[in-house]
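Report on the structure given below.
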Amino acid sequence: MSTRTNSRPATTPADGYYDEPVAGAGWLFFAGTVLGLAGLMRIIDAIWAFSYKGALPDNLQNGVLGSNLKNYAWVWLGVGVLLLICSFLVLVRSQFARWVGIIGAAIGTVSAIAWMPYYPVWSLVYIAMGVGVIYGLSVYGGREGV
């Protein structure tokens, strides 16, 4: 008399489905995290600009948004909130957030070039992180199974 044994490997779940890792999950986590940290930093910049009571920084009167730091604070606050929302949506694989994240990372990467003469190492790090976010979102941010 033969005995029947279960030939399933020990790692197979009882329902027969495997939890396969999502391709590029690490890149998407990196992109979402960097977008979230960038949003948090923009919000901190906005809080600083709202509470700043000292002399205006040099050449602010020639700035795009005028000579009032509160104008910049509102823009930074809006961008920060947008980046935080985008970060959350990237982590849940939203296509809209993917494209907003790519555009935001591209703008941030290009804008880092302006800081190159003053902070060369930080600018290169910022550019590398922006390129990483763009890579992660463009290569792995698509719909699964397409």
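Under the rule a/c < 1.5 gives rounded, and otherwise a/b versus b/c splits prolate from oblate, where does segment 76-124 land using the Cα gyration tensor? Working shown, then result.
Details: a/c = 2.96, a/b = 2.23, b/c = 1.33.
In terms of gyration-tensor shape, prolate.
Segment 87-124: which chymotrypsin sites (Phe, Trp or Tyr not before Pro) are DSSP loop and have at most 12 other beta-carbon atoms within 10 angstrom?
When the chymotrypsin sites (Phe, Trp or Tyr not before Pro) of segment 87-124 are filtered for loop state and at most 12 Cβ neighbours within 10 Å, 118 remain.
Only the coordinates and a few stated rules stand behind these numbers; no lab work does. Keep in mind that what you see is a predicted model, and the values were worked out from it rather than measured. In this analysis, Cβ positions are derived from the backbone assuming ideal geometry, glycine residues included, and neighbour counts consider all displayed protein chains.
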